[in-house]
Amino acid sequence: MSELTPINFTRGVPANESFPIRDITKAAVAAMLDYGDSLMQYGPSLGFAPLREWLANFYGVQPNEVLASNGSLQIVEFLSTQLIEPGDVVYTESPTYDRTITTLRRHKADIIGIPGGADGPDLDALESALKKRPPKFFYIIPDFQNPSGAMHSRAKRQRLVELADQYNFWLVEDAPYRWLRYRGADEPTLFELARHRVLHMSSFTKIIAPGARLGYMIGSADMLAKVAKIAEDTYISPNYLSHGLAYEWCRRGHLPAQIEMLKKLYAPRLDACLAAIDHYMPDAQATRPDGGFFISVTLPEGVMTTAVRAAAAKRNLNLADGLAFFPNGGGERFLRLPFCALAPAQIDEGIRRLADSVNEARGK
Ligand SMILES: Cc1ncc(COP(=O)(O)O)c(C=O)c1O
């Protein structure tokens, strides 16, 4: 069995073949020749002004309502420095993006995980938590959530912004997968529903490449100025080379075609994943997203992810431990399946091996 080709359902990375290397190279050369002095010099810590103006125009905000950094995770770090005193309450969904949990813990936040379903957080659980201890902010991923693949319903989005007003907390909306909807219609962002309450984050990681290390936050100019001060104290100014090439690439109009290319590449991978689950694991409790990078599976009662991982390893199938996505424990039967970096045939074979592994762990 160990001769089987390895298949990795571990990290949520983009496919190498998605990187727009030719157009980025041309944009980088043009950017350096046209405004290389600005890109080679220190500049304001809010980020390269033309990129911020481009994003401001895209989101319908003012340039001082845009901060561009070196990846969106670093913005979570800066925001945590700004907002969290040790012991402060922060809400996340449960499960949520594990690296955010690590960041919040490093800032000694008291994290309360609000259980999430396929259509967003459990509102009863949220309201009862709010009555006891409202948070400084609620970190939330409404579109094609990492790790579950959940998509928040319109009604839940609306209620979230109402509750944020009522209990006076920030919603930190992290939306890197929003660009990647393979079918169906968008829901409004939390930011569109309540600009005064929401700090909206996104990233070029899933659109251009993680190597660009380029994320951004849209929202209150006051808050962004405070975050920019922390950014300045940390790195003086962000990576202007990366900001410049991304700006030039966007200015040249490559973004819409790149998004279409990504959808064409990834939609069949999502379909392969759903079809293989239906075929090999018809009883599985799986999310069925219309976009993003992830499907998640809740294993049958009594079957633990650790046992399935061990059975999968024998079949050269590598699975991630689900526990790290749950801030307050749980997740023993949770499995995240990132499908974008695998070809459809690998996905089919991977889920066939997964089904065998689940059967072995069940003692069948
Ligand atoms: C929800 C979420 N936020 C942030 C990030 C990190 O993005 P960046 O590469 O821009 O730091 C990821 C990456 O997987 C993610 O899934």
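Throughout, read-outs are computed from the coordinates displayed, never taken from laboratory work. Keep in mind that this is a model prediction, so the values were computed, not measured. Cβ: placed from backbone, ideal geometry, glycine included. Neighbour counts: every protein chain shown.
Using alpha carbons only, how many degrees (0 to 90, rounded to 10) separate the axis of helix 344-362 from the longest principal axis of the chain?
With both axes taken from Cα atoms, the answer is about 50 degrees.
What are the trypsin sites (Lys or Arg not before Pro) within segment 159-252 that DSSP puts in a loop, where the Cβ has at most 11 other Cβ atoms within 10 Å?
Of the trypsin sites (Lys or Arg not before Pro), the ones in loops of segment 159-252 whose Cβ has at most 11 other Cβ atoms within 10 Å are 183.
Note the angle between two axes, namely the Cα long axis of helix 305-314 and the longest principal axis of the Cα atoms of the chain, as a number of degrees from 0 to 90, rounded to the nearest 10.
Once rounded, the angle reads 80 degrees.
For n ≥ 4 DSSP H runs only, could you compute -39500 (n - 2.57) per run for the chain, divide by its residues and tell me the 222 nm figure to the nearest 500?
When only DSSP H runs of four or more count, the value is -14000 deg cm²/dmol.
Treat each spin label as a single point 7 Å out from the Cα along the C-beta direction, and report the residue 225 to residue 42 distance in nm.
2.1 nm
In degrees from 0 to 90, rounded to the nearest 10, what is the angle of the helix 21-40 Cα long axis to the longest principal axis of the chain?
30 degrees
Quick one: work out the % antiparallel among DSSP beta bridges in the chain, nearest 5.
Working: 18 of 38 bridges.
DSSP beta bridges in the chain are roughly 45 percent antiparallel.
Of all DSSP beta bridges located in segment 95-251, what percent are antiparallel, nearest 5?
45 percent
Tell me, how many Å apart are the Cα centres for segment 235-310 and for segment 68-124?
21 Å
Going by how many other beta carbons lie within 10 Å of each one, how would you line up 199, 39, fewest first? List each step's numbers first, then the result.
Numbers: 199 24, 39 21.
If I rank by nearby Cβ atoms, fewest first, I get 39, 199.
Counting each pair of different Cα atoms once, what's the Kirkwood radius of segment 21-251 in Å, rounded to one decimal?
18.1 Å
Out of all DSSP beta bridges with both ends in segment 1-123, state the antiparallel percent to the nearest 5. Please list the in-between numbers first.
Working: 2 of 8 bridges.
So the antiparallel bridges amount to about 25 percent of the total.
Only four residue types carry charge here, +1 at the Cβ of Lys and Arg and -1 at the Cβ of Asp and Glu. Report the dipole size of the chain about the Cα centre in Debye, rounded to the nearest 20. Intermediate values should be presented prior to the final figure.
Values: 40 positive and 41 negative charges, 70 e Å.
Dipole size: approximately 340 debye.
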